[in-house]
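The values are calculated or read from the model by the stated rules, or taken from the named source; none is laboratory data. A quick note: this is a predicted structure, and the numbers were derived from the prediction, not measured. Please note: Cβ atoms are built from the backbone with ideal geometry, for glycine as well, and neighbour counts cover all protein chains shown.
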Amino acid sequence: MPLYYPNLYMTTQVRNSSKSVAAMESALTGINVLLSFCGQRQIDLIGRFLKHEYFSLHELDAIRDYCQQTFSTRPGGVPQGVVPFAGRGKSRSTRKTGLANEYNRLTHIAKYVEWLARILLTGVVDKRISLSIDKMKKGLESRRPSSKGRNQTGREQGLSREQEAVLLAVVQPGSLRNPFEDPPTQIRNQLLILLLLHLGIRAGELLNIRVSDIDWANNQIVIARRADEKRDPRRRQPLVKTLDRRLPVKDTLVQTIHSYIVQFRSKVPGARRHDYLLVTHKPGPTQGQPMSRSAFIKVIALISAASPEIAGLHAHELRHTWNDRFSEFMDARDDSPTPKQQEGERSYLMGWKPDSGTAATYTKRFTQRKAMEVSLKLQEGISRVPENLKND
């Protein structure tokens, strides 16, 4: 039988909030880890909450430690990605998962236990009980790692101009450094990189672009949300996390897109069965199908390994690069808009809600970098240290 409260939570708090499938899976993973923890320790979560008994400090620490574990397949064990419950064996991998996984697990567990405690005690939650529930939630949140592990030192501002030039040289069709042998695949992958660099879109948005989304008359591309698209044959549909928007595309890039469609995509068996722009060229059962996220990740990894200057490249880094170029362009304008105006324009192009604050993060980051440059120039203007003080 399905577990009543986890399913009620997912339906009312996650699914009904129009969260993506990926967000639902992430929440379920966190709840699954919590239930596994409770199963191992024989904790009756519902019974305890009904008696107004919440997690103690040492239990909060234990949950944090449990969330750090990697749950993987063991001989005779459960499949990867499924957390074993009590009675399925006590042997467990001592390897630690990444900071991002730990952070997400604790975040979802904190939200779920707060919701569960309040839903179980509906009508009897007074100020004292409410404070106890809040204390439990904050205790879990305070035990999250300080960073979700997404930032990489030296990569927060995207690619440098030199790295960008190397990247474009690597994906140039016919280049000796190009890691792909098939010419049509080279053309597709070059287009893939150009779209990411020129538009600053996410990987999910790129993989969701359809030929019909391209406005050829006005040189524009529509980035549209299509969650749970039934006509998408991919097992895991790439999702658009941001708002719908219409983006301008320069002439040369539009011509590149058109050439790819007419000269290469149209000749791939099975590609005419759907409207997605980027398709699988490799012969096999998926040939002609929309490019999958796993294939996209593999393409980025091979490009990254093609040159030491771009080693460790990840797709989201190109989104950072676009934002850096946007800041540089705005700063160089004679009639540079105010920071508030810049944030509004950036928010639209990136698909963020105007009041989300995400655009302000990039504006602040650019301002900090400019301030550091000014500081260095000021230091260069300071007189040299007198000779008699150099050896002191």
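Observations on the structure shown:
Quick grid of which residues meet (1) modelled with pLDDT of 85 or more; (2) touching a Leu at 6+ places or on another chain (Cβ under 9 Å); (3) surrounded by 13 or more Cβ atoms within 10 Å (Cβ to Cβ); (4) not in a helix (DSSP H, G or I):
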residue: Ala22; (1), (2), (3), (4): no, yes, yes, no
residue: Arg48; (1), (2), (3), (4): yes, no, yes, no
residue: Asp61; (1), (2), (3), (4): yes, no, yes, no
residue: Tyr66; (1), (2), (3), (4): yes, yes, yes, no
residue: Thr107; (1), (2), (3), (4): yes, yes, yes, no
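- If only residues of segment 349-373 that are among the β-branched types (Val, Ile, Thr) and under 18 Å from the mean Cα position of the chain (by Cα) are counted, the one that is surrounded by the fewest Cβ atoms within 10 Å (Cβ to Cβ) is Thr361.
- Residues of segment 302-315 satisfying the condition of being among the small types (Gly, Ala, Ser) and part of a helix (DSSP H, G or I): Ser304, Ala315
- All of Leu197, Leu206 fail the test of being over 18 Å from Pro290 (Cβ atoms), assigned to a helix (DSSP H, G or I) and not β-branched (Val, Ile, Thr), apart from Leu197.
- Taking segment 296-322 as the range and being among the β-branched types (Val, Ile, Thr) and either surrounded by 17 or more Cβ atoms within 10 Å (Cβ to Cβ) or over 16 Å from the mean Cα position of the chain (by Cα) (or both) as the test, the residues that pass are Val299, Ile300, Ile303, Ile310, Thr321.
- Scanning segment 19-39 for residues that are touching a residue at least 60 places away in the same chain (Cβ under 8 Å) and among the hydroxyl-bearing types (Ser, Thr, Tyr) gives Ser20, Ser26, Thr29.
- Out of Thr256, Thr286, sole residue that is in the same structural domain as Gln220 (by TED's automatic domain parsing) and outside any helix (DSSP H, G or I): Thr286
- Remark: pairs (first residue in segment 98-113, in contact (Cβ under 8 Å) with a residue 60 or more places away in the chain and over 19 Å from Met10 (Cα atoms); second residue among the charged types (D, E, K, R) and buried (at least 23 other Cβ atoms within 10 Å of the Cβ); Cβ separation under 8 Å; 6+ apart in sequence or on different chains) are absent.
- Candidates Leu176, Leu159, filtered to the one that is part of a loop (DSSP other than H, G, I, E, B), surrounded by fewer than 16 Cβ atoms within 10 Å (Cβ to Cβ) and modelled with pLDDT of 90 or more: Leu176
- Here the condition is being crowded, with 16+ Cβ neighbours inside 10 Å, at pLDDT 85 or above and in the same structural domain as Ala165 (by TED's automatic domain parsing); of Arg273, Arg293, Arg346, Arg325, it holds for Arg293 alone.
- Hits in segment 40-56 (condition: closer than 16 Å to Ile109 by Cα and touching a residue at least 24 places away in the same chain (Cβ under 8 Å)): Leu45, Ile46, Phe49, Tyr54, Phe55
- Number of the exception - Pro339 against (1) at pLDDT 90 or above; (2) in contact with a helix residue (DSSP H, G or I) (Cβ under 6 Å, 6 or more places away or on another chain): (1)
- Take the conditions (1) outside the structural domain of Leu207 (by TED's automatic domain parsing); (2) touching a helix residue (DSSP H, G or I) at 6+ places or on another chain (Cβ under 6 Å); (3) more than 24 Å from Ile214 (Cα to Cα); Arg333 misses just one of them, which is (2).
- Meets criteria (among the acidic types (Asp, Glu), within 30 Å of Glu343 (Cα to Cα), more than 16 Å from the chain's Cα centre (by Cα) and not assigned by TED's automatic domain parsing to the domain that holds Val166) for Asp251: no
- Per this entry, Leu28 is not counted among residues that are assigned by TED's automatic domain parsing to the domain that holds Thr107, of a type outside the set (Val, Ile, Thr) and at pLDDT 95 or above.
- Condition check for Leu318: outside any helix (DSSP H, G or I) and at pLDDT 90 or above: no
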